[in-house]
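The values are calculated or read from the model by the stated rules, or taken from the named source; none is laboratory data. Model, not experiment: these values are computed from the prediction. Please note: Cβ atoms are built from the backbone with ideal geometry, for glycine as well, and neighbour counts cover all protein chains shown. Just so you know, the surface numbers come from the protein's heavy atoms only, side chains and all, with ligands and any DNA or RNA stripped out. Shrake-Rupley method; radii C 1.70, N 1.55, O 1.52, S 1.80 Å.
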Amino acid sequence: MLRRLAMDISPLRSSRPFRNVFIARTVSVFGIGMLMVALPVQVYDMTDSTVHVGAVAASSGFALLVGFLWGGVLADRYDRRTLMLRARTAAGIGFVLLTLNAFLPSPSLAALYVLAAWDGLATGISVTALLAATPALVKPDKLVAAGALNALTVRLGSMLSPALGGMVISAVGVGWNYAAAAAGTLATLFLLTGLPSLKPEAETHEKPLKALASGFRFVSTHRVVGSLMLLGLLFMVAGGIPVLLPAFAALSLDGGPTTIGFLYTAPACGAVLASVTSGWASTVRAPGRVLLVASVAGFVTLALLGLARHPVLAVAILFLYGFVASIEEILRYGLIQSHTPDAYLGRVNALWSAQETGGEAVGSLGAGALGRYLAPGAAIVVYGTVSAVLALALALSLAADLRPDVILMDLRMPGGSGVEAITEITERGLPSKVLVL
């Protein structure tokens with residue numbers, strides 16, 4: 001049972017290219033986390049203005065979103081290995097410039113705005129290229145395991161890198177924080193240079209905006225991929241719940257800053273546990289149905305949080321929510337990758353990443369607005385219940401399409417025409433019953 005539960009790390013053992021990408025991604029995640037701490041600290045020390053802190057964060061976030069979308073188009077047109085190398089080189093140069101600026105007698109605030117956007121753009125392009133390249137680096141039956149490893153990297157990075165950045169800043173200053181991030185980022189180039197060529201199987205030659213529109217059209221017309229992306233958007237919008245947690249802790253749990261800290265930490269801890277015990281997810285016979293059950297259960301759990309009146313119970317519920325949501329994310333990643341033709345992997349993964357960035361922002365606005373009219377506990381109940389109903393509707397509509405022996409193949413899409421499509425399905429070890437659109 002322990003072997004079945006233990007995370008499947010075989011992609012790291014069997015695929016050196018994936019191992020190199022995994023290490024590079026881990027280093028990059030920690031560098032980004034350290035940047036997220038260093039920029040606000042430096043900007044506030046220079047200006048004593050929360051407006052500037054928010055504006056610099058917004059410039060980075062907007063550039064990140066542009067980087068995701070632009071990177072998706074580039075990843076379906078050019079060699080994904082080359083994109084990763086160039087984007088990580090650009091990010092490393094940005095960290096070096098941040099380091100030099102920090103050590104100036106009078107650091108430039110304008111440089112912080114520009115370099116925050118520079119890093120966001122480079123990060124968006126590199127992440128999209130990496131995600132699009134992953135299916136070519138592992139066997140088809142290891143996509144879920146690869147997704148679990150990627151999820152673990154992000155979760156651990158989000159938990160540990162801000163603390164690491166804070167300790168570096170406290171010990172030696174913000175400049176050395178940037179220097180450490182620069183050194184780590186540039187070191188990843190040696191790992192990425194060892195990758196094979198990762199050109200898309202069918203390069204798109206459409207103009208960027210038209211290519212992006214084609215990606216949106218593919219997602220909106222592909223029943224399975226579109227519905228799974230919509231389900232992911234629901235979870236991202238639910239990510240706005242943390243906006244309500246300070247008021248919920250004070251008014252419903254009679255807690256203070258310590259309680260709030262535990263509430264914020266609990267979902268990430270649950271997600272890490274789900275990742276390290278995800279070995280079963282690679283061999284489950286009906287991943288689609290498990291995903292749909294997990295999605296509904298996750299939102300029901302979130303609704304129950306609003307009814308909690310004791311801090312320990314609330315922390316336990318959020319831990320469970322993080323656990324279930326991570327299972328849903330891991331399985332959804334594998335299904336989206338296996339249902340997406342190679343010609344669209346860049347743009348689909350760009351939308352996957354963009355919905356995380358945009359969904360949480362929309363969710364935060366929605367949760368904050370709802371909290372103006374309802375008590376925080378009631379607002380969380382409404383939020384979770386509405387999301388659960390929508391997820392259940394999606395689950396009922398998708399149940400037949402996600403049977404383990406069925407796959408939808410749209411012959412109108414590039415990479416999915418005629419006999420070649422059926423041959424690809426057979427070679428990739430995907431389900432043998434094909435419903436041709």
Using a simple spin-label model with points 7 Å from Cα along the Cα→Cβ vector, what separation in nm is obtained for residue 373 and residue 66?
3.5 nm
Measure off, as a whole percent, the carbon and sulfur share of the 1.4 Å-probe accessible area of the chain, all protein chains present.
70 percent
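Tell me the net charge near residue 294. Cut-off is 13 Å between Cβ atoms, residue 294 excluded, with +1 for each Lys or Arg and -1 for each Asp or Glu.
Numbers: positive: 289, 332; negative: 328, 329.
With Lys, Arg at +1 and Asp, Glu at -1, the net is 0.
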Two-decimal ratio, the stretch 114-182, of alpha-carbon radius of gyration to 2.2 N^0.38 Å
1.43
For the stretch 103-123 and the stretch 249-289, what is the separation of their C-alpha centers, rounded to whole Å?
34 Å
Shape of the stretch 207-298 from its Cα gyration tensor (a ≥ b ≥ c, root eigenvalues): rounded if a/c is under 1.5, otherwise prolate when a/b > b/c, or oblate?
oblate
Would you kindly calculate the mean projected area, averaged across all directions, of the convex hull enclosing the Cα atoms of the stretch 1-83, in square nanometres?
8.7 nm²
Could you check how many percent of all C-alpha pairs in the stretch 195-348 are farther apart than 27 Å?
39 percent
The stretch 142-187 and the stretch 19-48: distance between their alpha carbon centers, rounded to Å:
7 Å
Kindly report the accessible area of the stretch 127-236 per residue (heavy atoms of protein chains, probe 1.4 Å, no ligands, DNA or RNA), in Å².
44 Å²
If you take the square roots of the eigenvalues of the alpha-carbon gyration tensor of the stretch 48-98 and sort them as a ≥ b ≥ c, do you get rounded (a/c under 1.5), prolate (a/b over b/c) or oblate?
oblate
Potential lengthening between residue 312 and residue 258 on full extension [0.36 nm per residue; Cα-Cα distance subtracted]:
18.3 nm
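Helix by helix through the chain, keep the DSSP H runs that span 24 Å or more along the axis on Cα and average at least -1.0 on Kyte-Doolittle, and give those back in order. Kindly include the intermediate steps, with their values, before the conclusion.
Details: long enough: 16-47 (46 Å, 0.88); 50-75 (36 Å, 1.63); 80-102 (33 Å, 0.66); 109-137 (42 Å, 1.54); 143-172 (41 Å, 1.48); 174-192 (28 Å, 1.32); 257-276 (29 Å, 1.24); 287-305 (27 Å, 1.87); 311-339 (42 Å, 1.23); 345-373 (42 Å, 0.08); 376-398 (33 Å, 1.96).
Those that clear 24 Å and a mean of -1.0 are 16-47, 50-75, 80-102, 109-137, 143-172, 174-192, 257-276, 287-305, 311-339, 345-373, 376-398.
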Taking the convex hull of the Cα atoms, report for the stretch 1-147 its projected area averaged over all directions, in nm².
10.6 nm²
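Counting only GluC sites (Glu not before Pro) that sit in a DSSP loop (anything but H, G, I, E, B) with at most 16 other Cβ atoms within 10 Å, what is the longest stretch of the chain containing none of them? Walk me through the numbers on the way to the answer.
On the way: sites that count: 201, 203, 206.
Of all site-free stretches, the longest is 207-437.
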Springs between alpha-carbon pairs under 10 angstrom, Gaussian network model over the chain: which of 225, 312, 174 fluctuates most?
312
Please work out whether the chain counts as rounded, prolate or oblate from its C-alpha gyration tensor, where a ≥ b ≥ c are the square roots of the eigenvalues and a/c under 1.5 means rounded, while otherwise a/b larger than b/c means prolate and anything else oblate?
oblate
